[in-house]
Amino acid sequence: MSTPSLTALTPAPGHSRGLRSITVARSMDPRSGLLEYVVRNDAHTWIRRGGGLVAYGETARFTVTGPDRFTRAQEWWRRELAGAEVLDELSVPGSGLIAFGSFAFSKTSAHESRLIVPEVVVGCSEGTSWLTYITDDAEAELTAEAAEAALAAYLAEPDADRTPSPGDHLGPGVLTEDQYEVAVAEGVKHVRAGELSKLVLARDVVAHLDSPVATAQVLRELAVRYEDCWTYAVDGLIGSTPEMLIKVEDNTARARVLAGTLDRANAPAGDPDYAERVLAGSEKQLHEHQIAIDSLTETLGPFTSSMTSHSEPFVLQLPNVWHLASDVMAQLVVDDDGQVPTSLALVQALHPTAAVCGTPTTVAGALIRELEHLQRGPYAGPVGWIDAGGNGEWGIALRGAVVETPTRVRLYAGCGIVEGSQPEAELAETWSKFRPMIEALGLSL
């Protein structure tokens, strides 16, 4: 489908075009959850522990670049909602009208941030399952039968899985390994000079495949292996992030902050306390984590009436790495009109966090542009969804990749650089963070 312009999406005077949707309850197999719907390579997904959202098709789209990308996206969403017809028998977060989104990491990026309103959405949350059908056709029937028919049409054409080929291989990205180590060493010099306290430096590698990538297969692999992460797919951006930037449900906001990483591949056998001792006992790792948690709580504070978080970070165990993690929960301030900030408004306030940029943000951002030589595009930017009530879940696009062509996939990984960082160790950490995508693509290091 072609991408409409903002003007084309805004109804002209006297024109009755508007989004229309119906949401109905729908049973789901609890054993497979949403994974049985991840069968098309063009699906948008947001899955954790079998629940979340899977969507097909496209009813409306908005794209934008620049420093005001979040503001303009939210304004567009509000205009779409103002003229919408919504039938929703559940009225739970994620039901009704919904848009999937992916935003560029940098305000200077030429990469287009986007909100996409799908045609069909299958959702599941806390034992409740539903089906949403969205159209801009004023004559279309808004019935449960119409919704089921639209879903059946998409499921009738599943995409085949892919068998790895001996010709599949990983190639270097913008920086070689040696060049990345030089960039890290330069970053450490700036930290030691007192210019900033933390800098996040990323690099990329490129997967070259002999046959087209099977995105649905990759997503299922990630969702099964990394069930404690949020497996996402929006318009060719795919991955499984362990970091929740912000989740808004009614007047409550939640976030998960990660900083501090330990590769499980190097763990000694028979030492159950290894991760706790090495991570929680490391001054470097605790310092990096504290910078990240302070960055989030200080920014979120003005939007809240109360906030709670762990007094000490916990060790999050993933199949590839351990992380130091902290969960934050906050009650949002209600304004004079009885409204709370939308999830997208909080994304605008919080991004970029110290966990993916550094601190101070302005200094870190300039050094990223100088040292990475990399266009991050949507990597480390917000990815997720927003509904008509402003509820939503927005992760940070980590442990992921961009499908550039059917046979070329660009993977990204980054590390937090502080005074105690060692270039060789940071390079090794990037490989541990590439591992989820490498394995899901059927490749090997």
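The values are calculated or read from the model by the stated rules, or taken from the named source; none is laboratory data. Only a predicted model underlies this, so the values are computations on that prediction, with no experimental measurement involved. Cβ placement follows ideal geometry from the backbone for every residue including glycine, while neighbour counts extend to all protein chains displayed. Ligands, DNA and RNA are stripped out before the accessible areas are found, and what is left, the full protein with its side chains, is counted by its heavy atoms. Shrake-Rupley method; radii C 1.70, N 1.55, O 1.52, S 1.80 Å.
Considering region 122-141, and only residues there that are in contact with a Lys or Arg (Cβ under 7 Å, 6 or more places away or on another chain) and of a type in the set (Ser, Thr, Tyr), the residue that is surrounded by the fewest Cβ atoms within 10 Å (Cβ to Cβ) turns out to be Ser129.
Only a single criterion out of (1) assigned to a helix (DSSP H, G or I); (2) modelled with pLDDT of 90 or more is not satisfied by Arg61, namely (1). Annotation: of all residues in region 417-435 being open to solvent by less than 20 Å² (accessible area, probe 1.4 Å) and polar (S, T, N, Q), the one that is modelled with the highest pLDDT is Thr430.
This table checks each residue for (1) touching a Phe, Trp or Tyr at 6+ places or on another chain (Cβ under 7 Å); (2) in contact (Cβ under 8 Å) with a residue 60 or more places away in the chain; (3) of a type in the set (Ser, Thr, Tyr).
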position: Ser32; (1), (2), (3): no, no, yes
position: Gly52; (1), (2), (3): yes, yes, no
position: Glu58; (1), (2), (3): no, yes, no
position: Thr65; (1), (2), (3): no, no, yes
position: Arg69; (1), (2), (3): yes, no, no
position: Leu81; (1), (2), (3): no, yes, no
position: Val86; (1), (2), (3): no, yes, no
position: Val122; (1), (2), (3): yes, yes, no
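Scanning region 240-263 turns up one or more residues that are of a type in the set (Asp, Glu), more than 28 Å from Ser113 (Cβ to Cβ) and either over 25 Å from the mean Cα position of the chain (by Cα) or at pLDDT below 90 (or both). Determine whether Pro406 is surrounded by fewer than 20 Cβ atoms within 10 Å (Cβ to Cβ) and farther than 30 Å from Glu419 by Cβ. When the stated conditions are applied, Pro406 passes them. For region 339-357, the candidate set comprises residues that are in contact with a helix residue (DSSP H, G or I) (Cβ under 6 Å, 6 or more places away or on another chain) and either assigned to a loop (DSSP other than H, G, I, E, B) or open to solvent by 40 Å² or more (accessible area, probe 1.4 Å) (or both); within that set, the residue that is nearest to Asp387 (Cα to Cα) is Pro341.
Inside region 358-385, residues that are open to solvent by 40 Å² or more (accessible area, probe 1.4 Å), touching a residue at least 24 places away in the same chain (Cβ under 8 Å) and assigned to a helix (DSSP H, G or I) make up a count of 2. Within region 69-79, the presence of a residue that is surrounded by fewer than 22 Cβ atoms within 10 Å (Cβ to Cβ) and either in a loop (DSSP other than H, G, I, E, B) or on the phi > 0 side of the Ramachandran plot (or both) is excluded. Tell me whether region 386-398 contains one or more residues that are of a type outside the set (S, T, N, Q), in a loop (DSSP other than H, G, I, E, B), at pLDDT 95 or above and under 15 Å from the mean Cα position of the chain (by Cα). Yes, region 386-398 contains at least one residue that is of a type outside the set (S, T, N, Q), in a loop (DSSP other than H, G, I, E, B), at pLDDT 95 or above and under 15 Å from the mean Cα position of the chain (by Cα).
Residues that are in contact with a helix residue (DSSP H, G or I) (Cβ under 6 Å, 6 or more places away or on another chain) and small (Gly, Ala, Ser) are absent from region 300-320. Pairs are defined by a Cβ separation below 9 Å, a sequence spacing of at least 6 or placement on different chains, a first member in region 89-101 that is in a strand (DSSP E or B), and a second member that is open to solvent by 40 Å² or more (accessible area, probe 1.4 Å); the pairs so defined are Ile98/Ala388; Phe100/Asp235. Taken together, the residues in region 62-106 that are more than 15 Å from Gly381 (Cβ to Cβ) and among the small types (Gly, Ala, Ser) amount to 8. Could you tell me whether any residue of region 123-131 is under 20 Å from the mean Cα position of the chain (by Cα) and either more than 27 Å from Ala380 (Cα to Cα) or at pLDDT 95 or above (or both)? Scanning region 123-131, I find at least one residue that is under 20 Å from the mean Cα position of the chain (by Cα) and either more than 27 Å from Ala380 (Cα to Cα) or at pLDDT 95 or above (or both), so the answer is yes.
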